[in-house]
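Reviewing the structure listed below.
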Amino acid sequence: MALSTFELVVVTTVASACIAMLLTSKRRPPYPPGPKGYPFVGNITDMPRKEEWLTFSEWAREYGPLVSISILGQRIVIINDYDLERELFDRR
């Protein structure tokens, strides 16, 4: 059973995307813990539209003072502790 040109292009594209994700996923720097996101969109569904600080406080109780999330491929680190924030930003 031979593949049509369209099917061959789709299979090649999917295989290339999977290989690229595997190769780049090993090079990520260690980020702080955070809620698990979905592929490609990350934590966009977890982000509140109002009163963000309440969600961030809840995440701080669950994951610690540093929380890492991903939104559409952009990594965001949330600092939930004033003393830690002063320490991190004073060093820079």
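The values are calculated or read from the model by the stated rules, or taken from the named source; none is laboratory data. Given the structure is predicted, the values throughout are model-derived calculations rather than measurements. Cβ coordinates were reconstructed from backbone atoms using ideal geometry, including for glycine residues, and neighbour counts include every protein chain displayed. These accessible areas exclude ligands, DNA and RNA; they are computed on the full protein's heavy atoms, side chains included. Shrake-Rupley method; radii C 1.70, N 1.55, O 1.52, S 1.80 Å.
Picking from residues in region 64-92 that are outside any helix (DSSP H, G or I) and of a type in the set (Ser, Thr, Tyr), the one that is farthest from Met21 (Cα to Cα) is Ser68. Scanning region 70-88 for residues that are touching a helix residue (DSSP H, G or I) at 6+ places or on another chain (Cβ under 9 Å) and open to solvent by 50 Å² or more (accessible area, probe 1.4 Å) returns Ile79, Asn80, Asp81.
State whether one or more residues within region 47-63 are part of a loop (DSSP other than H, G, I, E, B), within 24 Å of Tyr82 (Cβ to Cβ), in contact (Cβ under 8 Å) with a residue 12 or more places away in the chain and open to solvent by less than 70 Å² (accessible area, probe 1.4 Å). The answer is yes; a qualifying residue exists.
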